[in-house]
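Here's the structure, in structure tokens; my notes come after.
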Amino acid sequence: MNKTPLTSGLLVIFGITGDLSRRYLLPALSDLAAQNLLPEQFEIIGTTRRRVTAADVLGQVSSEAAAQLAGRLRIVQMDPTLEADYRALKSTLDRIEDERGVCLNRLFYLSIPPGTYGPVVDLLGTSGLNTGCQHGEADSRVMIEKPFGYDLESARELIARIKHSFKESQIYRIDHYLAKETAQNILVFRFTNPIFEAVWDSGSIQDITITASETIGVEGRAAFYESTGALRDFVQNHLLQLLAITTMEKPRVLDSDHIHREKLKLLRSIRKIKPNKVAEVSARGQYRGYAEEVGNPDSTTETFARLKLRIGNERWNEVNLTLQTGKRLNKRSTEIVITFAAQQGSTPNTLRFRIQPDEGIDIDLQAKKPGLDNKTEQVEMAFTYAESFGLKTQPNAYERVLMDGIRGDQTLFATSDEVIASWEIVEAVVREWSKNGDGLTIYDPGTPAANIN
């Protein structure tokens, strides 16, 4: 993967007073500063409609985080719908460069509601904030949180709109699941360990199941979740991206361009779901109490979604693929389980990538039990980051996302073509599920994913 050196820059966070900024972005930036990983010439500008100071914003994070970011953060009050305020923001950024005597890369992080992405990007473009520093000697990038559209048509419209102001090389669509350590390790595990690459196909593997389960509900995100649902929230982006890096062909070079090329090729090879097959290859559920929680007794929004897919290429043609995610399930866990074909009468070997919370890799094998007979038992060989590397904590996903955005490494970000390919895979399901609540299973909180059909 790319190891681009960090460069001086300005990080502009739209929505600095929001929940995402308070819970994830500012703590991540604080941790990077504490490790001396931020460039020396680096400043954070937070935009907000409210009259607040940098001290007000830092007062919402821990004292350690506030101490690390003090002196790096300044606040710009602006209305994100007014072009004049963007011109004023540009003047502020130009003035910072003049003060520092250096041309700075500019990174705009849109920590704002998805419905405002288009207008904000338009105004960044018309105000000249899409062209780098005032002297044209540095880059300008925009980082966008999911969801990237509501369906295939809206995704295409949003992509076209953003590309009117920013080139593809300037756009960083965030999928923080790919920034998790175990997700990054999948490619290394596959392509640097020949014993696994040699059996990584339908001749040896019978099933791949990717599960992201949560024990919590919508947790104050009722309006967002009611308009989104589990399929759009997790399957269309996170889980399909994890599937792509698990099953794609080996890139000629492990760099951003070649990795994206192989991911896109894989996503495009997944067989499209026909409308008359949706009920056969999918399942959806809603946890009991959700409708009351969101204040809509007639809600048909799914809090659990499962898709069964097939890849139409020679390597994976006969392998069963399952993607599933849900809220209020029996455990918090994201994992990829590879089940190998077994000899008749024997238990299959399984390989498990634990993405969270206890990051690591497990292999289930058959071993002879001690004794004079030949009885066997399933045993587990386990690798954990905490034990193998002596790490009490690991860099969180937002630290990696921010670092890669600062240094211009797009490896862990979805391209426009990948977004479209992912929407094409789920489009028939989105349409069929939007018609009515037929087939929606109401499940009790604490139910295992496997028990929802």
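The values are calculated or read from the model by the stated rules, or taken from the named source; none is laboratory data. This structure is a prediction, so every number in the text was calculated from the model and none was measured. For neighbour counting, all protein chains shown are included, and Cβ atoms are generated from backbone atoms with ideal geometry for every residue, glycine included. Quick note on the areas: whole protein, heavy atoms, side chains included, nothing else; ligands and nucleic acids left out. Shrake-Rupley method; radii C 1.70, N 1.55, O 1.52, S 1.80 Å.
Yes/no per residue for (1) among the basic types (Lys, Arg); (2) over 30 Å from Asp257 (Cβ atoms); (3) buried (at least 19 other Cβ atoms within 10 Å of the Cβ):
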| position | (1), (2), (3) |
| --- | --- |
| Val319 | no, no, yes |
| Arg328 | yes, yes, yes |
| Ile336 | no, no, yes |
| Thr350 | no, yes, no |
| Gln356 | no, no, no |
| Gln366 | no, yes, no |
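Gln344 fulfils the conditions (1) loosely packed, with under 13 Cβ neighbours inside 10 Å; (2) in a strand (DSSP E or B) except for a single criterion, (2). Within the range 149-199, the set of residues being open to solvent by less than 20 Å² (accessible area, probe 1.4 Å) and of a type in the set (D, E, K, R) comprises Arg173, Asp175, Arg190. For the range 22-45, residues that are surrounded by fewer than 24 Cβ atoms within 10 Å (Cβ to Cβ) and either touching a Pro at 6+ places or on another chain (Cβ under 6 Å) or closer than 23 Å to Asp85 by Cα (or both) total 3. If you filter the range 366-386 down to residues that are of a type outside the set (Val, Ile, Thr) and under 25 Å from Leu32 (Cβ atoms), you find that the one that is modelled with the lowest pLDDT is Ala386. Do we have Ala428 as open to solvent by 30 Å² or more (accessible area, probe 1.4 Å) and either charged (D, E, K, R) or not in a loop (DSSP other than H, G, I, E, B) (or both) here? In short, no.
Arg332 meets each of the listed conditions (1) touching an Asp or Glu at 6+ places or on another chain (Cβ under 8 Å); (2) more than 24 Å from Thr215 (Cα to Cα); (3) open to solvent by 20 Å² or more (accessible area, probe 1.4 Å) apart from (2). No other residue among Val235, Val253, Val218 is at negative phi, under 20 Å from the mean Cα position of the chain (by Cα) and in a loop (DSSP other than H, G, I, E, B) apart from Val218. All of Gly439, Gly408 fail the test of being over 23 Å from the mean Cα position of the chain (by Cα) and surrounded by 14 or more Cβ atoms within 10 Å (Cβ to Cβ), apart from Gly439.
Looking only at residues in the range 65-99 that are in contact with a Lys or Arg (Cβ under 9 Å, 6 or more places away or on another chain) and assigned to a helix (DSSP H, G or I), the one that is nearest to Gly132 (Cα to Cα) is Leu93.
Scan the range 46-64 for residues that are small (Gly, Ala, Ser), surrounded by fewer than 18 Cβ atoms within 10 Å (Cβ to Cβ) and either in contact with a Cys (Cβ under 8 Å, 6 or more places away or on another chain) or not in a helix (DSSP H, G or I) (or both) and the total you get is 2.
Filtering Thr247, Thr215, Thr209 for residues that are within 21 Å of Ala421 (Cα to Cα) and either in contact with a Leu (Cβ under 7 Å, 6 or more places away or on another chain) or of a type in the set (Asp, Glu) (or both) leaves a single hit, Thr247.
Of Thr350, Thr334, Thr325, Thr303, all but one fail to be in contact with a Phe, Trp or Tyr (Cβ under 9 Å, 6 or more places away or on another chain) and farther than 28 Å from Ala428 by Cβ; the exception is Thr350.
Report yes if some residue within the range 395-402 is at pLDDT 85 or above, part of a helix (DSSP H, G or I), of a type in the set (Asp, Glu) and in contact with an Asp or Glu (Cβ under 8 Å, 6 or more places away or on another chain); otherwise report no. Yes, some residue in the range 395-402 is at pLDDT 85 or above, part of a helix (DSSP H, G or I), of a type in the set (Asp, Glu) and in contact with an Asp or Glu (Cβ under 8 Å, 6 or more places away or on another chain). Tyr385 fulfils the conditions (1) open to solvent by 20 Å² or more (accessible area, probe 1.4 Å); (2) touching a residue at least 40 places away in the same chain (Cβ under 8 Å); (3) touching an Asp or Glu at 6+ places or on another chain (Cβ under 7 Å) except for a single criterion, (1). Look at (1) at pLDDT below 95; (2) within 26 Å of Ser416 (Cβ to Cβ) and you find that Leu307 fails only one, number (1). Can you name every residue in the range 133-145 that is within 26 Å of the chain's Cα centre (by Cα) and either assigned to a loop (DSSP other than H, G, I, E, B) or under 15 Å from Asn105 (Cα atoms) (or both)? The answer is Asp139, Ser140, Arg141, Val142, Met143, Glu145.
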